[in-house]
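Structure first, commentary second.
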Amino acid sequence: MKLLLLLLLSILISINYSAPTFTNRGISSVYSKNDINNLNRFISTQKQGKLYGTDNQQLKDTFYAVGALTRLGESVSDAKTICSTVKEQLETNKFSDIELLYNGVTILSELKCIEEISSASKKIQETLKSKLQNGDLLETTQAVNIVFTLQSAKLVTNDDFDLTSSVKRIVSLMVEDEGTFKSTESDSEGTLLNTAAAYFALARLSHRLDNQEVDKQVAKVVHKMDTVIANAEETTDTLYFTDLQTTASLFHSMLSLASINEKVADFVSAKQVNQIAEYLLKQKNVESLSNAYYLIVGLKKCQKNSVSQPLSLTLEKSIFSPSNLATVDAFVTDIFGQNIPATVNVNKIVSSKAPRSTPVLSDKKMTTTGNKHSIDVSNENLKLGLYNIEFKVVPTDNEDYAEITSTQVITITGSITVDDMKFSFAPKADQLGSPKNSQDVVFGKKLSLVDIPANNLARVFFRINSDKQVFVPQQVGIRFYSPSREIVVPVTHSAESFSYTLTNKEMGKLLGYQSGNYQMDLIVGDQSITPLQWNFGEINLKFSQKTQPTSRYTENQPIVHAFRQPEKRPPQSVSNLFTLLVLSPAAIFLLGIFVVGFNLGKFPTGMGFIWTMGFIASVSSIALLIINYWIHSTMDVTLKRLALLLIPTIFFGHRSMSYYYNKYNTEKEIKKD
Amino acid sequence: MMMIKSIFVSFIIASVLLTSVFAEVGGKRTLVVLENLSQKNLYSTFFKTLEKKGYELDFQPATTEVVLEKYGDFNYDHLVLFAPTLESKTITSNAVLNFIDGGNNVLIAGSNKISETIRDIAQECGMDIEEDNTLVYDHFNYDKSQPDHSLLVADQFIQDSPIILQGLDKPVIYKGIGHKIRSNPLNFAVLTGSSTAYSGKKTNGASTKLMGKSCGLVSSLQARNNARVTFSGSIELFTDKSFGTTLEKNQSGNKEFVENLVSWTFQERGILRSSQLELVKISTESNSTVAPDVFTIKDEVSYSLKVEEYDGVKNEWVPYVSQIQLEVIMLDPYIRTFIKGDSKGIYKINIKLPDVYGVFTFEATVQKPGYGQLEHIIRKPIVPFRHDSYERFIPAAFPYYAACFSMIIGTFIFSIIFLFNKDPKHIQI
């Protein structure tokens, strides 16, 4: 049983510890005087003629411009002309368009010239009554706002209108499940902009009417506010609804409701106000008059509301040198940079590099002089570096403002020295420490060229000090560079010293195997020191591998095809000579025949003559065919013709042979006889 | 009536085909993904510049389910990812890589926190982004008007591809995460840190291993299909605030840098195309008259190609006047030559074909940093000489011919005389 209780207790404790707790860190920046001036300049550039903005919606743009300027307490130039122009436009419209009327009445009210339309109060009342009874949500809420504006100017009274029924009408347009408001009964879905308009109108109605029935209706609406807030989109720092207009108007109306209904504070937390404030501060660069108006509406609501008003802590100075380090001064301001009375404590000062280390200083109250809060840190012996200071701000007015815990960074800057620098190289790592392989490098001087053999290792060793104390900078690197290659390698830190060992293989890879001389720079950088770049030496590196090109694409060289050379032939004259030599036996033969003489007396006669001549002619034709083939004909043609020539050749050949055979037999028989 | 119908249908099909062909370059449909839509105001100048150029911007929050591709057609031509922590159901790394494979362009901006989706995309495109919660610092080159040493004054612009930044020399104010760019001809380190820059932890500035010019700030990928991907480690680079920053009373180069970078990324320049190829035979050593158009070894041919470059500002193709490389390849290049173009972008050369027969590839290429890939390939067979292509009479062989014919004639005469000669003695008998 005891064990069970212990287990239960431990679970409860763990749940308690693991529950997310919100620490109000305040807002990271403020809407400064400079921002206001920028906005003022932007609005002035938007003035065209007598009013602001473009032609088709000048009254609306003027409403935005005047609304933003008056909320910032800035003067509106040429206000009288604006008043008369607005009045003219309303008269032209006969006070019938509710949106135009809302914009116009608001402008006149803010420029304090609303009495200019006092003569038209009856016409305005007719329009308002009509819209309060039959208008859609936006028209009704605009009519309610106009009523209150005119009421403040004593141009109408509450008795002129049935505002209680308007409350019921507005609340009836709430979508029960979602808590949002639709424009008309026939609509199926509500919108966040409608909801903002309804919230604001209900807040004003509840405040002015002071009626229990109205309060009940408002409570019904507030009850559903959590589902409306669920539509918000959230990042780590910010929270918003769709866009700037929706966010600002919904935020403004929710906090307006908060002033008449305490339950709103259950749904809108201080954290959410902070997040919305951060979101609004990120929208400083406006590009339209409407955005300018909604930005200021939102920021003003951040500055004054009943839930939580964001605070900011800013340092007067954040960079110090050890010699002038005396006090750290801070100011506590609201979102517009207005000083807020408060008590400030320093929870702790801790090095940025080791935020979880023992604080340099803890739990010390800052002295307050006017609006400035100061703490003396001259005796804390702060070394060079960055320090996180955690402030706890307790506002004097603890009803409007909540406590915040803000962390700011200060920098202690100074100079450094590089001491005990040694450059060594050796074939093996354990020989690098030997004095005979090392060369001392004096801080500020340069080592003469060192030739490092390909199979050797090299090492750079040094310490970095500030005021004779070890200092570990944020950045320590060695730059190796030649006209075509450059690399920077990080230097490792251990046991209060720095060293870098370079191997041929690694350097080759980094430098694309480009052999040659390389300059060496030591680069030391830190936010808190004057950075150092020191050319401390030059080395010669040799790589056996092929150098990698530095150009993006391989530089192709032209390729010319090498044609196969034709076989060598003898000169023409040699060929001709040989031709003559080859022909000479035939010539001698022919000459010999003519010299010796011949007698074709055995040539046959009669039919034998015909057959023999036919045969000789055929054989001659074949010879001519071969010559023809050699000169220009083709094998195909030649063979066909040869086939044709073979017929007479065989025929005449056969007849000739037959003739000679018969003749031979006849002569043989004659001889026998 | 039927004829009119068929002409009408043909016209529609042709129009659709032409549209799809010319939609490859110069498309303006752009999807802009933001962390939330309210951030649109932060980059209003940048978006207005794009809109002025005719880009149709579709703004979507990172949470919305946007489809990049449907049934093989892409719904957008360009994608702007201004949501460093993007983890979307539809815009996944695979979807974006598929979008890039389709020849579309992507501009990604990061911050010191980057989602796995963005990391995957960058990695596939040759860029290794540093770990979350790191920034690039430079204790030497930072905006001295601010105490923040991560607000760099960066001026290490890409040198070998002037087309990207068009000669910009004004330094840029940069604050963001670093990345390492892989050694690859397709990757472009558009902006890097200086020799003294390094990537350090956001919390205490302690350096990581990435230092010097290896520390990429803005890098791009020019893919082989002409798609371009740019990654900037700083989303702040595109803000109105960044455009208005000054450096020692001079305007920073941020606005020009971004405009030049984005116009290149969105293929407004540096895209090439080729047309009007002419490859004809001028002269031949072959004596054959059979199939005169077929290329024979040792033929002299004329190669002519028109190359044009896309001008996104004028939205038209203009002549590309530079140099192209022509290779005649059969497994290995047999001929490689460089052709200079005339003012009309015509590249013409006469070449003698090799004395090796086979199927050859005539490949014209342009490899110029910052320009798209251009490869014009045509394959042609080169045949050897026919039996009748060679010379008919070889003077060196005349002795053989003479021997042959003298033998024929001699034998013929000798035979006649031998057969029909009547001996005088025999006559006397």
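In region A:376-441, which strands (runs of 3 or more DSSP E) lie fully inside it and hold 2 or more residues that are touching a Ser or Thr at 6+ places or on another chain (Cβ under 6 Å)? Walk me through how you get there before you give the answer.
Values: elements: A:385-395, A:404-412, A:417-426, A:438-441.
Those strands (runs of 3 or more DSSP E) span A:385-395, A:404-412, A:417-426.
Pairs meeting the criteria (first residue in region A:543-558 and over 12 Å from B:Ser183 (Cβ atoms), second residue among the aliphatic types (A, V, I, L, M) and in a loop (DSSP other than H, G, I, E, B), beta carbons under 9 Å, at least 6 apart or on different chains) are A:Phe543/A:Ala454; A:Phe543/A:Leu511; A:Ser544/A:Ala454. All conditions but one from (1) assigned to a loop (DSSP other than H, G, I, E, B); (2) over 27 Å from A:Val264 (Cβ atoms) apply to A:Gln309; the one that does not is (2).
Does B:Val383 count as out of contact with any Cys (no Cβ under 8 Å at 6 or more places or on another chain), of a type in the set (Val, Ile, Thr) and either surrounded by 19 or more Cβ atoms within 10 Å (Cβ to Cβ) or within 9 Å of chain A (Cβ to nearest Cβ) (or both)? Walk me through it before giving the result.
Details: out of contact with any Cys (no Cβ under 8 Å at 6 or more places or on another chain): yes; of a type in the set (Val, Ile, Thr): yes; either surrounded by 19 or more Cβ atoms within 10 Å (Cβ to Cβ) or within 9 Å of chain A (Cβ to nearest Cβ) (or both): no.
It is false that B:Val383 is out of contact with any Cys (no Cβ under 8 Å at 6 or more places or on another chain), of a type in the set (Val, Ile, Thr) and either surrounded by 19 or more Cβ atoms within 10 Å (Cβ to Cβ) or within 9 Å of chain A (Cβ to nearest Cβ) (or both).
Can you confirm whether region A:37-47 contains a residue that is modelled with pLDDT of 85 or more, touching an Asp or Glu at 6+ places or on another chain (Cβ under 6 Å) and either surrounded by fewer than 19 Cβ atoms within 10 Å (Cβ to Cβ) or farther than 19 Å from A:Leu299 by Cβ (or both)? Yes, that holds for at least one residue. Check region A:425-441 and report whether any residue there is surrounded by fewer than 20 Cβ atoms within 10 Å (Cβ to Cβ), modelled with pLDDT of 90 or more and of a type in the set (Val, Ile, Thr). No; the residues of region A:425-441 include none that is surrounded by fewer than 20 Cβ atoms within 10 Å (Cβ to Cβ), modelled with pLDDT of 90 or more and of a type in the set (Val, Ile, Thr).
Can you tell me how many residues within region A:363-375 are outside any strand (DSSP E or B) and either within 14 Å of another protein chain (Cβ to nearest Cβ) or of a type in the set (A, V, I, L, M, F, W, C) (or both)?
1
Candidates B:Ser150, B:Ser183, B:Ser145, B:Ser161: the one that is within 29 Å of B:Glu56 (Cβ to Cβ) and not hydrophobic (A, V, I, L, M, F, W, C) is B:Ser161. For region A:293-328, the tally of residues that are at pLDDT below 90, aliphatic (A, V, I, L, M) and closer than 26 Å to A:Thr235 by Cα stands at 1. Would you confirm whether or not region B:408-424 contains a residue that is of a type in the set (D, E, K, R), in contact (Cβ under 8 Å) with a residue 40 or more places away in the chain, within 11 Å of chain A (Cβ to nearest Cβ) and part of a loop (DSSP other than H, G, I, E, B)? The answer is no; no qualifying residue exists.
Which residues, taken from region B:282-321, are of a type in the set (A, V, I, L, M) and farther than 30 Å from B:Ile271 by Cβ? Write out each step before concluding.
In the first step, residues of region B:282-321 are kept if they are of a type in the set (A, V, I, L, M); the result is B:282, B:290-291, B:294, B:297, B:301, B:305, B:307, B:313, B:318, B:321.
Within region B:282-321, B:Ile282, B:Val290, B:Ala291, B:Val294, B:Ile297 qualify.
Listed by position, the helices (runs of 4 or more DSSP H) contained in region A:196-260 that have at least 1 residues being more than 39 Å from the chain's Cα centre (by Cα) and loosely packed, with under 15 Cβ neighbours inside 10 Å are A:212-223. A single entry from A:Phe609, A:Phe563, A:Phe589, A:Phe603 fulfils the requirement of being over 20 Å from B:Ile416 (Cα atoms), surrounded by 11 or more Cβ atoms within 10 Å (Cβ to Cβ) and among the hydrophobic types (A, V, I, L, M, F, W, C): A:Phe563.
Can you tell me which residues in region A:321-362 are within 14 Å of chain B (Cβ to nearest Cβ) and either touching a Ser or Thr at 6+ places or on another chain (Cβ under 7 Å) or polar (S, T, N, Q) (or both)? Show your work before the answer.
Of all residues in region A:321-362, those within 14 Å of chain B (Cβ to nearest Cβ) come to A:321, A:350-357.
Once the filter is applied, which keeps residues that are within 14 Å of chain B (Cβ to nearest Cβ) and either touching a Ser or Thr at 6+ places or on another chain (Cβ under 7 Å) or polar (S, T, N, Q) (or both), region A:321-362 yields A:Ser321, A:Val350, A:Ser351, A:Ser352, A:Ser357.
Can B:Glu308 be described as away from every other protein chain (no Cβ under 14 Å), outside any loop (DSSP other than H, G, I, E, B) and of a type in the set (Asp, Glu)?
Details: away from every other protein chain (no Cβ under 14 Å): yes; outside any loop (DSSP other than H, G, I, E, B): yes; of a type in the set (Asp, Glu): yes.
Against the criterion (away from every other protein chain (no Cβ under 14 Å), outside any loop (DSSP other than H, G, I, E, B) and of a type in the set (Asp, Glu)), B:Glu308 qualifies.
Inclusion of B:Gly126 among residues that are over 21 Å from the mean Cα position of the chain (by Cα) and within 20 Å of B:Leu261 (Cβ to Cβ) is not warranted.
Could you tell me how many of the residues in region B:352-363 are buried (at least 19 other Cβ atoms within 10 Å of the Cβ) and either under 25 Å from B:Val229 (Cα atoms) or within 13 Å of chain A (Cβ to nearest Cβ) (or both)? Talk me through it step by step, then tell me what you get.
Let us first name the residues in region B:352-363 that are buried (at least 19 other Cβ atoms within 10 Å of the Cβ), namely B:353-354, B:360, B:362.
Filter again for either under 25 Å from B:Val229 (Cα atoms) or within 13 Å of chain A (Cβ to nearest Cβ) (or both), leaving B:353-354, B:360.
Qualifying residue count, region B:352-363: 3.
Meeting the requirement of 1 or more residues that are within 14 Å of chain A (Cβ to nearest Cβ), the strands (runs of 3 or more DSSP E) wholly within region B:197-248 are B:197-201, B:207-211, B:215-222. Among the conditions (1) outside any loop (DSSP other than H, G, I, E, B); (2) surrounded by 15 or more Cβ atoms within 10 Å (Cβ to Cβ); (3) more than 9 Å from chain B (Cβ to nearest Cβ), A:Ser573 misses just one, which is (2). Among the residues of region A:330-346, write down those that are under 37 Å from the mean Cα position of the chain (by Cα) and not aromatic (Phe, Trp, Tyr). Result: A:Ala330, A:Val332, A:Thr333, A:Asp334, A:Ile335, A:Gly337, A:Gln338.
Return yes when B:Val190 is touching a Leu at 6+ places or on another chain (Cβ under 6 Å), closer than 27 Å to B:Lys48 by Cα and outside any loop (DSSP other than H, G, I, E, B) and no when it is not. Taking the combined requirement at face value, the residue does not satisfy it.
Does at least one position in region A:536-557 carry a residue that is over 60 Å from the mean Cα position of the chain (by Cα), in a loop (DSSP other than H, G, I, E, B), within 12 Å of another protein chain (Cβ to nearest Cβ) and more than 30 Å from A:Leu384 (Cα to Cα)?
Kept after step one, since they are over 60 Å from the mean Cα position of the chain (by Cα), are these residues of region A:536-557: none.
No: region A:536-557 contains no residue that is over 60 Å from the mean Cα position of the chain (by Cα), in a loop (DSSP other than H, G, I, E, B), within 12 Å of another protein chain (Cβ to nearest Cβ) and more than 30 Å from A:Leu384 (Cα to Cα).
Residues of region A:359-399 that are within 40 Å of the chain's Cα centre (by Cα) and either at pLDDT below 85 or not assigned by the TED database to the domain that holds A:Asn347 (or both): A:Leu382, A:Lys383, A:Leu384, A:Gly385, A:Leu386.
Find the strands (runs of 3 or more DSSP E) located wholly in region B:80-176 whose residues include 3 or more that are more than 13 Å from chain A (Cβ to nearest Cβ), aliphatic (A, V, I, L, M) and within 25 Å of B:Phe47 (Cβ to Cβ), and list them. So that I can check it myself, show each step before the final result.
Working: elements: B:105-109, B:127-129, B:134-138, B:152-154, B:172-174.
It comes to B:105-109.
Here B:Ala403 passes the criteria (1) modelled with pLDDT under 90; (2) at the interface with chain A (Cβ under 7 Å from one of its Cβ atoms) except the one numbered (1).
Among the conditions (1) within 17 Å of A:Pro558 (Cβ to Cβ); (2) surrounded by 14 or more Cβ atoms within 10 Å (Cβ to Cβ), the only one that B:Val321 does not satisfy is (1).
The values are calculated or read from the model by the stated rules, or taken from the named source; none is laboratory data. If you're wondering where the values come from, they're calculated on a predicted model, not measured in any experiment. As a convention, Cβ positions derive from the backbone with ideal geometry for all residues, glycine included, and neighbour counts pool all protein chains shown.
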